[in-house]
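Below is one structure, written out as structure tokens, with a few remarks after it.
The values are calculated or read from the model by the stated rules, or taken from the named source; none is laboratory data. Here the structure is a predicted model, which means the values were calculated and not measured. Heads up, the Cβs are rebuilt from the backbone with ideal geometry, glycines too, and the neighbour counts pull from every protein chain shown.
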Amino acid sequence: MLQSKLFYKTSKDISLEEKSVNAQLLIRAGFVDKLMAGVYTFLPLGLRVLEKIKKIIREEMNAIGGQEILMPALTPKENWTTTGRWDSIDVLFKLKGSGGKEYALGSTHEEIVTPLAKKIINSYKDLPLAVYQIQDKFRDEPRAKSGLLRGREFSMKDLYSFHADLADLDQYYEKAKEAYLKIFKRCGIEAIVVEASGGTFSKYSHEFQVLTESGEDIIFYCEKCSYAQNKEIAGYKAGDKCPKCGGKMLEGKAIEVGNIFKLKNKFSEAFDLNFLDKDGKKNLVMMGCYGIGPSRILGTVAEISHDENGIIWPVEIAPFDVHLLALFGKDSKVNEKINKESSRLQESLQKAGFEVLYDDRESVSAGVKFGESDLFGIPTRLVISEKTLAKDSVELKIRAGNEAELVKLNKIEKELGK
């Protein structure tokens, strides 16, 4: 990709209304554009990151037997009144169509997936079953703040599982929990599994929280083992002994990046979702729900992985693998050579499997190019200039590191290790 053709614009200053670090960094770097509070346009750089996060999620959901579908965002009122949630979900966007018919924009999809599954599930032979989607969700948040961490429109992966009994649901639930931890690890964030209220579904649900001082949630977690609880259900305070291992419980702020629930038969009962067992007896299907926010993960990474110069993207979700900078001078013949070698290197790296953003702009200063490169946060920066070419080399710098080094042009692919 040539940076001269890239649809983006970096900014030195942004609105004072943007209090969250993730919004400041993503807007400044030209990854997103704010349309209004809680609603953002993903520009090419931001969309590349978002799609890589979705790709990771798809791979891990497919690995545990999930099948991808795509349900409508526009949903009929009748489905919500069947479960009694038309009036109980306070963030539900409601609208009227022609003839006075009422609809809701999907904030969650239990009301849609359950009657859908009813058309498929008849016998125990149809179970277990797991389907998921990645779709924009809509919630009428009264306080749409914190950038991508609390939006009115946001990307969400929701998986729903269907089981013949609670034991099978429990087994799949644990499998999904492990898949979630893999997703977060691949995205470069360390998530803690936190016990939270199960509401009307079960004693506990589980949240996946990332510790950071900018987090909106409060959790208590053990300094020794992996035990943690959300503040709303915690029966202790910081300094108390861990009920699991006896270690000390700590208090911390955190960002929730995912959650999972055992819905059991709450929605299958509402929609009369049954199956016939081996003896021909009718039973209610047991259900589980597993949510994770791709756009929220993106915002979380920007929130926790940055320095004073910009974002530092983890390798697997970075918009590009390599940012190649050509530093041009006043000599046109030298510039021609710099462009030729840079283009050749870009082509060579791309053939080797690297995704390369090539800053080919001739009228832009080295200072501006370096500044934007830091803002973008691409893991590896390569610089070609008159000085490096004099040594048949390219300057290599890892975004997360401090020192740059010269590497011979004919050894750069080996150095990058792909």
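Scan E347, E316, E341 and give me the residue that is under 14 Å from the mean Cα position of the chain (by Cα) and charged (D, E, K, R).
The match here is E316.
So if I check each of I218, I183, I189, which one is closer than 19 Å to N22 by Cβ and not in a loop (DSSP other than H, G, I, E, B)?
Being closer than 19 Å to N22 by Cβ and not in a loop (DSSP other than H, G, I, E, B) holds for just one of I218, I183, I189, which is I183.
Determine whether A104 is within 30 Å of K282 (Cα to Cα) and either buried (at least 19 other Cβ atoms within 10 Å of the Cβ) or of a type in the set (V, I, T) (or both).
Against the criterion (within 30 Å of K282 (Cα to Cα) and either buried (at least 19 other Cβ atoms within 10 Å of the Cβ) or of a type in the set (V, I, T) (or both)), A104 does not qualify.
Considering only residues of the range 107-129 that are hydrophobic (A, V, I, L, M, F, W, C) and surrounded by 12 or more Cβ atoms within 10 Å (Cβ to Cβ), which is farthest from D165 (Cα to Cα)?
The extreme case among them is I112.
Quick one: which residue in A234, A167 is over 19 Å from I255 (Cα atoms) and not in a strand (DSSP E or B)?
Just a single option satisfies the conditions, and that option is A167.
For the range 274-299, enumerate the residues that are under 23 Å from K203 (Cα atoms) and in contact (Cβ under 8 Å) with a residue 40 or more places away in the chain.
N283, V285, M286, M287, G288, C289, Y290, G291, I292
Please work out if I255 is part of a loop (DSSP other than H, G, I, E, B), β-branched (V, I, T) and either outside the structural domain of E110 (by TED's automatic domain parsing) or touching a Gly at 6+ places or on another chain (Cβ under 6 Å) (or both).
So I255 fails the test.
Are there any strands (runs of 3 or more DSSP E) wholly within the range 64-128 with 1 or more residues that are in the same structural domain as E153 (by TED's automatic domain parsing), among the acidic types (D, E) and modelled with pLDDT of 95 or more, and if so which?
102-105
Which of (1) buried (at least 18 other Cβ atoms within 10 Å of the Cβ); (2) out of contact with any strand residue (DSSP E or B) (no Cβ under 8 Å at 6 or more places or on another chain) does A191 not meet, given it meets every other one?
Here A191 clears every test but (2).
Which condition does L357 not pass, out of (1) in a helix (DSSP H, G or I); (2) buried (at least 20 other Cβ atoms within 10 Å of the Cβ), if it passes all the others?
Here L357 clears every test but (1).
Could you please find all residues in the range 386-418 being more than 14 Å from R344 (Cα to Cα), outside any strand (DSSP E or B) and not charged (D, E, K, R)?
T388, A390, A400, G401, N402, L416, G417
State the number of residues belonging to the range 66-88 that are crowded, with 18+ Cβ neighbours inside 10 Å and hydrophobic (A, V, I, L, M, F, W, C).
Number satisfying all stated conditions: 2.
Scan the range 115-166 for residues that are basic (K, R) and within 16 Å of M71 (Cβ to Cβ) and jot them down.
Once the filter is applied, which keeps residues that are basic (K, R) and within 16 Å of M71 (Cβ to Cβ), the range 115-166 yields K118, K119, K137, K157.
Does the range 1-48 hold any residues that are surrounded by fewer than 19 Cβ atoms within 10 Å (Cβ to Cβ), in a helix (DSSP H, G or I) and either among the small types (G, A, S) or at positive phi (or both), and which are they?
S4
Restricting to the range 291-328, what's the tally of residues that are under 16 Å from L416 (Cα atoms), charged (D, E, K, R), touching a strand residue (DSSP E or B) at 6+ places or on another chain (Cβ under 9 Å) and not in a loop (DSSP other than H, G, I, E, B)?
Summing the residues that are under 16 Å from L416 (Cα atoms), charged (D, E, K, R), touching a strand residue (DSSP E or B) at 6+ places or on another chain (Cβ under 9 Å) and not in a loop (DSSP other than H, G, I, E, B) in the range 291-328 gives 0.
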